[in-house]
Each structure stands twice: as C-alpha cells, then as structure tokens.
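Colleague: Below is one structure. I have some questions about it.
The values are calculated or read from the model by the stated rules, or taken from the named source; none is laboratory data. Treat the numbers as computed from the prediction; the structure is a model and nothing was measured. Cβ sites come from the backbone with ideal geometry, for glycine too, and all protein chains shown count toward neighbours. Ligands, DNA and RNA are excluded from the accessible area calculation, which covers all protein heavy atoms including side chains. Shrake-Rupley method; radii C 1.70, N 1.55, O 1.52, S 1.80 Å.
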Amino acid sequence: DFGSFGTLEFSQDNQPMLHALQNTGNCIFGKAYSSVYGGNTCNSEYEFLTSNSMAFLPAGSKPYQQYVDSPQTALPSILKEYGYHSVAVHPGDRKAWERVDAYPCLGFDEFVDAEIFDVKRTFEHRLTSDKSCYDQLIYEYERWRGEPLFLFGVTIQNHGGYEDEAYRARVSHVQVKGHEGKWPQAEQYLTLTNRADQALSDLLSYFERQPDPVVVLYFG
C-alpha cells in the first residue's frame with residue numbers, strides 16, 4: 001500500500017476497495033516484510049510457501065534454482081495430506097526462476113502458466129492483467145468445485161518498468177498531488193495498483209456469492 005508511506009497525497013485513492021475493507025473490521029490486515037526489493041519474486045514465494053527464511057541461506061541465493069530439487073515440506077505438500085488439490089497460476093514463462101521444476105517439489109499438482117490459460121488474457125502495459133489471472137483462479141475453483149482446493153496465484157500486471165508511453169496516453173492516471181506529471185513512472189505504477197484494486201474487488205465479489213467457505217489471502 002504505497003499510500004501508507006510518508007505524507008504523499010494522490011489525485012484519487014489508488015486502492016479504494018482495499019481501504020474500504022480495512023475500515024469494515026471484517027478482515028485481518030498487517031504488513032508483509034519481504035527479503036527482496038524490486039525483483040527475485042521467487043524468494044518471496046519460497047518464504048511464504050515453506051516458512052523458511054532467506055536469512056538462513058547464503059546471500060544471493062535463489063532457492064527454486066539451487067535447492068528445491070526434491071520433495072520438500074511446504075503448504076501444498078502439507079495440504080495434500082488433508083486431501084487438497086493444489087494449483088499454481090502465474091501468467092508468465094513457466095521456466096522463469098525454474099518454477100516448472102520447483103513447484104512439483106513443493107507439492108503442487110498443477111502449474112498453469114501464460115501458455116495454457118483457459119480464460120482469455122487481457123493486458124495492462126503489455127503484461128497479463130490481474131483480472132485475467134483472477135479469472136483463471138475462478139476457472140480452477142469452478143473446475144474443482146466441491147473438492148478441497150489450494151490456489152496460489154502470482155500476478156504480473158504491476159511488474160516494471162513503468163515507461164510505457166502508449167499506456168500512459170490511454171489510461172487516466174493516478175497522480176501525486178502537487179507534482180502532477182512530474183513523476184510519470186510513479187504515476188504509471190500507482191495507476192496499475194488502482195487497476196489491481198478493481199480486479200481484486202471483482203474477485204472478492206465472486207467469492208462472496210459462493211456457498212463454500214473460502215479464505216482469500218492477498219499479499220504483495
């Protein structure tokens with residue numbers, strides 16, 4: 001939540017749905033501390049899925065590429081013991097960070113990458129939109145309806161860089177008050193988070209209509 005840092009004010013709330021949720025008191029919120037900055041997404045995934053801290057691995061490690069080459073204890077493998085089917089969804093290249101090899105070792109039964117999406121993919125600044133990623137998660141939920149299911153979605157819409165002139169011209173941007181137009185990359189990033197907020201709202205609206213109990217955990 002970029003708005004939680006410093007005293008910056010925006011031309012519009014970049015995450016209105018998320019902030020509205022926080023004000024309901026019906027959701028649990030906190031801060032997620034990441035061991036990486038601006039890259040190495042695989043390490044954040046590894047820490048979340050295994051509860052293993054990067055602090056105990058050599059500096060510069062990429063566990064998916066170096067250490068996850070045999071079955072390991074992780075959320076998917078633990079949930080498998082309780083009868084869950086586990087599906088990972090990421091609209092990128094399945095070979096990136098060696099996910100295609102690491103995910104099975106962590107217990108995932110399936111990995112859906114950009115090449116095998118079952119739903120139509122739309123794009124935000126040339127990358128698969130969060131909406132498309134969530135549509136695929138819904139597709140998987142419908143496909144396995146009635147079965148215990150663990151879905152792990154890694155979105156890519158807000159990935160940098162933030163210098164797409166065509167996108168800037170096409171989309172109404174969230175701007176920093178008092179500095180309108182001065183920081184175009186920041187504006188593009190903030191606008192992308194706004195679009196992500198809209199997509200998350202649609203996803204939660206879908207699950208609110210379902211009779212099954214569902215836990216949605218969202219972190220960045």
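Colleague: Note the per residue figure in Å³ for the convex hull of the C-alpha positions in segment 46-104.
Modeller: Cα convex hull per residue, to the nearest whole number: 88 Å³.
Colleague: Express the relative contact order of segment 1-106 as a whole percentage, based on alpha carbon pairs under 8 Å and six or more residues apart in sequence.
Modeller: Rounded, it is 21 percent for segment 1-106.
Colleague: Do you know the relative contact order of segment 44-155, to the nearest whole percent, from alpha carbon pairs under 8 angstrom that are 6+ apart?
Modeller: Averaging sequence separation for qualifying contacts and normalising by length gives 28 percent for segment 44-155.
Colleague: In square angstrom, rounded to the nearest 10, how much accessible surface does Phe5 have for a 1.4 Å probe?
Modeller: Near enough 130 Å² of accessible area.
Colleague: What is the gain in length, in nm to one decimal, between Ser201 and Ser61 on full extension, counting 0.36 nm per residue of separation less the C-alpha to C-alpha distance?
Modeller: Contour length minus Cα-Cα distance gives 46.9 nm.
Colleague: How large is the helix-only mean residue ellipticity at 222 nm for the chain, computed as the sum of -39500 (n - 2.57) over DSSP H runs with n ≥ 4, divided by its residue count, in deg cm²/dmol to the nearest 500?
Modeller: Helices in the chain give a 222 nm mean residue ellipticity of -11000 deg cm²/dmol.
Colleague: Do any GluC sites (Glu not before Pro) in segment 131-220 lie in a DSSP loop with no more than 12 other beta carbon atoms within 10 Å, and if so, which?
Modeller: Here the GluC sites (Glu not before Pro) that fit, given the DSSP loop and packing criteria, are Glu163, Glu180.
Colleague: To the nearest whole percent, what portion of all C-alpha pairs in segment 78-220 is separated by more than 22 angstrom?
Modeller: So the pairs more than 22 Å apart make up 46 percent of the total in segment 78-220.
Colleague: Starting from the 7 Å offset along Cα-to-Cβ, what nm value, one decimal, do you get for the label separation of Asp109 and Phe219?
Modeller: 2.4
Colleague: Pairs of alpha-carbon atoms within less than 8 angstrom and 6+ residues apart define the contacts here; what relative contact order does the chain have, in percent?
Modeller: Rounded, it is 22 percent for the chain.
Colleague: Let me ask you something else. Subtract the Cα-Cα distance of Lys95 and Arg168 from 0.36 nm times their separation in residues, and report this length gain in nm to one decimal.
Modeller: 23.3 nm
Colleague: In addition: Which of rounded, prolate or oblate describes segment 1-43 when judged by the alpha-carbon gyration tensor and an a/c cut-off of 1.5?
Modeller: Oblate shape, in that a/c is at least 1.5 and b/c is the bigger or equal ratio.
Colleague: Compute the angle between helix 184-208 and the longest alpha-carbon principal axis of the chain, please, reported from 0 to 90 degrees and rounded to the nearest 10.
Modeller: Roughly 50 degrees between the two axes.
Colleague: Under 5 Å between amide H atoms, partner at least 5 residues away or on a different chain: which partners does Ser86 have, H built in plane at 1.01 Å?
Modeller: Hits under the 5 Å cutoff: Asp109, Glu110, Phe150.
Colleague: Can you check what the net charge comes to around Tyr103, using other residues whose Cβ is under 11 Å from the Cβ of Tyr103 (Lys, Arg +1; Asp, Glu -1)?
Modeller: Once all neighbours under 11 Å are counted, the net charge is -4.
Colleague: What do you get for chymotrypsin sites (Phe, Trp or Tyr not before Pro) in segment 61-159 restricted to DSSP loop and a cutoff of at most 12 other Cβ within 10 Å of the site's Cβ?
Modeller: Tyr82
Colleague: So which trypsin sites (Lys or Arg not before Pro) in segment 144-220 pass both tests, a DSSP loop state and at most 15 other Cβ atoms within 10 Å of the Cβ?
Modeller: Loop-located and lightly packed - Arg145, Lys177, Lys182, Arg209.
Colleague: Where does segment 7-89 land on the Kirkwood hydrodynamic radius, alpha-carbon pairs, in angstrom?
Modeller: 16.1
Colleague: What net charge do the residues around Ser11 carry, taking every other residue with its C-beta under 12 Å from that of Ser11, with Lys and Arg at +1 and Asp and Glu at -1?
Modeller: Taking every other residue near Ser11 into account, the sum is -3.
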